[in-house]
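Structure record follows, encoded as structure tokens.
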Amino acid sequence: MDIGLSAPSRVLLDDSRTYIDPKLKLIAPIDPGEQLAVTMRLRPQSDIPSSYLPGSRDDFERLHGAADSDIAKVTTFASDYGLTVDSVDAASRSVVLSGNAQHMQAAFDVQLAEYQSADQTFHAEMGTPSVPTSIANAVVGVFGLDDRTTSASQARIGNPNASHTSGYTPLDVAKAYDFPAGDGTGEHIAVISLGGRYDDKVQAQYLNSLGVAHVPFNVVNIDGGADDPRASGPTGENTLDAEMIGAIVPNADKTMYIAPNTDRGFLDAVATALHDKHHNTAISISWGSAEERYTPQAIRAFNELFKEAKAMGVNVFSAAGDNGSSDGISDGRPHVDFPSSSPSVIANGGTKLVTNADGGIATETVWNEIAQDSGATGGGISGINHPPPGQHSLPISGRGVPDIAGNADPFTGYRILVPPGDGQTKPGLEVIGGTSAVAPLYAALAARIEQNLGHPIGDLQKAIYDAPASAFHDITSGNNGAYSAKPGWDAVTGRGSVDGTALLHALTG
């Protein structure tokens, strides 16, 4: 087949430009025979509501999934360009196509090349992808032409030689924040992972040491799973997330979605967590990066997924970043982490928590250990996304991050049992902090609250802004660089750390 003949008129997709790495080098055009896979995301057949819409998932997916006619158009497009349709999921509006680079380049009218940055080699497109006019209205975006790593784990190692007395357990912090009783029975929680693996033996050993029942996580591999399941950093992140949630809600249905660390993998993991058989009502995300590092196409696709989650009553908890107000960009200006800046997620900042003898809060301040090279909470005002409804009364022009905060300083972090690695032959204790820990902490709180309610929470972000001040521990001391804590909401710790029982009472009152 000569795919270069009789080219149809085409429509450009959203701008796919991303952050320009000053050290980026073009290596060579991609091998035309290299096999690639992409996910095409399709429009909903009716608009996604902007607020929680009670009802069954089946009804929601039938109303807002991809139309059969749009799927048929994309299937024909794939055939016309010599691509294979690997999977179709109408509920998540995803179609996965595969084929060699030559056919991919023709299908999307781009040139692909191999690039090298300071820390990775990847392929990406030159120019903006386009699709034929026959399918343009149906397509939201195409992901996989660019396979660079965008997101980073938002975890910070504290004392690598942790003793049994250093750091808190998740249960210690749940007590300090007055979480309501519950073991998660009947609840469903998802963890998004962008690499590494889940070690159930280590998980069981840790929970046994806490006297907590061990119920393994389900593991779902997305787009082939992790690029390198042996990677110690992502595996450590997975361990932190799993042990946080497993300790607080051991009997919940818990699922870890492990995907390659690419925009495609990230999006596909979230879409699957929203629509698969586990019927998750809370999603924990401990990965992200500065907004500027994502393409406009990716931002739009993520925002649409999170808007969909809110409409379905699925609460998404996202880490606000661990690099202070710069968010790791060295241009002297403040930056905000994404996806925590998405208007429909619950953004989680970091504090330094010190407890008293009875386990209550003695002091709590902003996490900022920049002077000790141990990070600081992210937070700030988005230059891309608009504020959610709960922030409309605040004097801010963009989405304010975070909404809430919790213990994240690695000097007061969480005592976590990590798998063997880096020369160790046995699991070892480490104290780990970072806003990575706050997202699963509050996802677990959501499960306990929902268990106590006996019905879906619905839009918890809205409830956070509707709740009285007594449902939070207001943080008024400290800064993350450009922003300082103050009474009420601020762009460092949001409304503060959560009093779990008080928030439950606000939801029932």
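Things worth noting here:
- The chain - percent relative contact order, Cα under 8 Å, separation 6 or more: 17 percent
- From helices alone, the chain scores -8000 deg cm²/dmol at 222 nm; the rule is -39500 (n - 2.57) for each run of n ≥ 4 DSSP H residues, then divide by the residue total.
- Taking other residues whose beta carbon is less than 9 angstrom from the beta carbon of Gly360, and scoring Lys, Arg as +1 and Asp, Glu as -1, yields -1.
- Residues of type aspartates and glutamates that Lys201 reaches as a straight line, Cα spacing below 20 Å, ignoring anything fewer than 8 places off in the same chain: Asp228, Glu237, Asp241, Glu243, Asp253, Asp422, Glu430
- Low-density loop positions, trypsin sites (Lys or Arg not before Pro), region 228-331 - DSSP coil, at most 16 other Cβ in 10 Å: Arg230, Lys277
- Apolar share of the accessible surface for the chain: 50 percent from carbon plus sulfur atoms, 1.4 Å probe.
- Unsatisfied cross-links (Cα-Cα over 25 Å) in the set Lys73/Lys310; Lys310/Lys352; Lys254/Lys310: Lys73/Lys310; Lys310/Lys352
- A full extension of the chain between Ser232 and Arg62 corresponds to an added length of 57.1 nm, given 0.36 nm per residue minus the alpha carbon distance.
- Here, region 68-192 yields an orientationally averaged convex hull projection of 13.7 nm² when only Cα atoms define the hull.
- Think of a 1.4 Å ball rolled over the protein heavy atoms: the chain then has 38 Å² of accessible area per residue.
- Helix axis angle, 296-312 relative to the chain longest principal axis, alpha carbon, degrees: 60 degrees
- Sparsely packed loop sites in region 49-151 (the GluC sites (Glu not before Pro) outside DSSP H, G, I, E and B with at most 11 other Cβ atoms within 10 Å) do not occur.
- Acute angle (nearest 10 degrees) that the helix 263-275 long axis makes with the longest principal axis of the chain, alpha-carbon atoms: 70 degrees
- Mean separation of Cα pairs under 8 Å and 6 or more residues apart, divided by the residue count, gives region 135-268 a relative contact order of 39 percent.
The values are calculated or read from the model by the stated rules, or taken from the named source; none is laboratory data. The shown structure was predicted, so the numbers you read here are calculated from the model rather than taken from an experiment. A quick note on method: Cβ atoms are made from the backbone with ideal geometry, for glycine too, and the neighbour counts reach across all protein chains shown. The accessibility values were calculated without ligands, DNA or RNA, using every heavy atom of the protein model including side chains. Shrake-Rupley method; radii C 1.70, N 1.55, O 1.52, S 1.80 Å.
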